[in-house]
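Since the structure comes first, as structure tokens, the remarks are kept for the end.
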Amino acid sequence: MEILVVILYALSIGSFSNVLILRIPKGESLLTSSACPVCKTKLKIWHNIPLLSYILLRGKCGECKTAISKQYPIIELISAVIGFLIYLKFGYTFQTLLLIPLFIVLLALSMIDFRYRAVPDSLNLTALTIAILYPLTFTEIAQNFENALIFAGAFSLLRFYTSFFIGREAMGEGDIMIAGTIGAILGVYLGTVAIFLSALLSLPAHLFAKDRELPFIPFLAMGLFIVFLFEKETIQLMNSLYGY
């Protein structure tokens, strides 16, 4: 029963994240009712049920039969998987209920960065704030805040150096805030591993992209999530590599 509640919770947040992905970059209100972008018909309540509505409507608008973007069910499905994996790691805890929206916000940021090459500060600050506060104890919150500052500062310096030597902006301000989120969640040691993993994950994409500039936030988010899920395994792997 608990796992069902967690998955429904993740699906609901994932469904709302689709609204964030589509409206925030366009400066549209989040409070207006959802409507078909073609016929402008306002969606009924049962049209907004995550995943199920897409299946029942056969991927088409209930009124004009225009195909619904596959982004909606894909984001919702990924959100459900995120919720399931975090539940396996933390169980049915308050931390789980905080970490699920954190990683779904990072998913939304990744999509926005990929589509628009822009990173909304509102979502970035939301992710960073949750990352700092989620332990709920003052000592751990203070440590998370310190780690966030270390990583954000390190990325800021790296941005200046790389921009100076290559003659153009190598990373954006959004990347710096994501680095702070990584530091807050994982700490300095594992956070460094996550960023290195992010760079490795981005290499194949850069090889195929050729001259196209790729966003880095999706890879930072993936690196963070992988290391977060496999913290113990990552530490064991790094210790074996260094002979500890």
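Computed quantities for the displayed model
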item: Leading residue by the ranking (surrounded by the most Cβ atoms within 10 Å (Cβ to Cβ)) among those in the range 37-79 that are within 24 Å of the chain's Cα centre (by Cα) and of a type in the set (V, I, T); result: I75
item: Single residue of the range 27-60 satisfying the filter (of a type in the set (S, T, Y) and assigned to a helix (DSSP H, G or I)) that is nearest to I74 (Cα to Cα); result: Y54
item: Selection from the range 22-44 of residues that are modelled with pLDDT of 75 or more and hydrophobic (A, V, I, L, M, F, W, C); result: L22, I24, L30, L31, C39
item: Any hit, the range 70-82, residues being among the small types (G, A, S) and either touching a helix residue (DSSP H, G or I) at 6+ places or on another chain (Cβ under 8 Å) or at pLDDT below 80 (or both); result: yes
item: Residue in the range 138-154 that is of a type in the set (A, V, I, L, M, F, W, C), more than 20 Å from G191 (Cα to Cα) and touching a residue at least 12 places away in the same chain (Cβ under 8 Å) present; result: no
item: Residues satisfying the stated conditions in the range 91-120, i.e. surrounded by fewer than 17 Cβ atoms within 10 Å (Cβ to Cβ) and closer than 20 Å to L133 by Cα; result: G91, Y92, T93, F94, Q95
item: Within the range 63-84, considering residues that are touching a residue at least 24 places away in the same chain (Cβ under 8 Å) and not in a helix (DSSP H, G or I), the one nearest to R23 (Cα to Cα); result: T66
item: Residue that is surrounded by the fewest Cβ atoms within 10 Å (Cβ to Cβ), among those in the range 121-152 that are closer than 16 Å to M177 by Cα and of a type in the set (S, T, N, Q); result: S122
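The values are calculated or read from the model by the stated rules, or taken from the named source; none is laboratory data. No experiment lies behind these values; they were computed from the predicted model shown. Because the Cβ atoms are built from the backbone with ideal geometry, glycine has one as well, and the counts that use them run over all protein chains shown.
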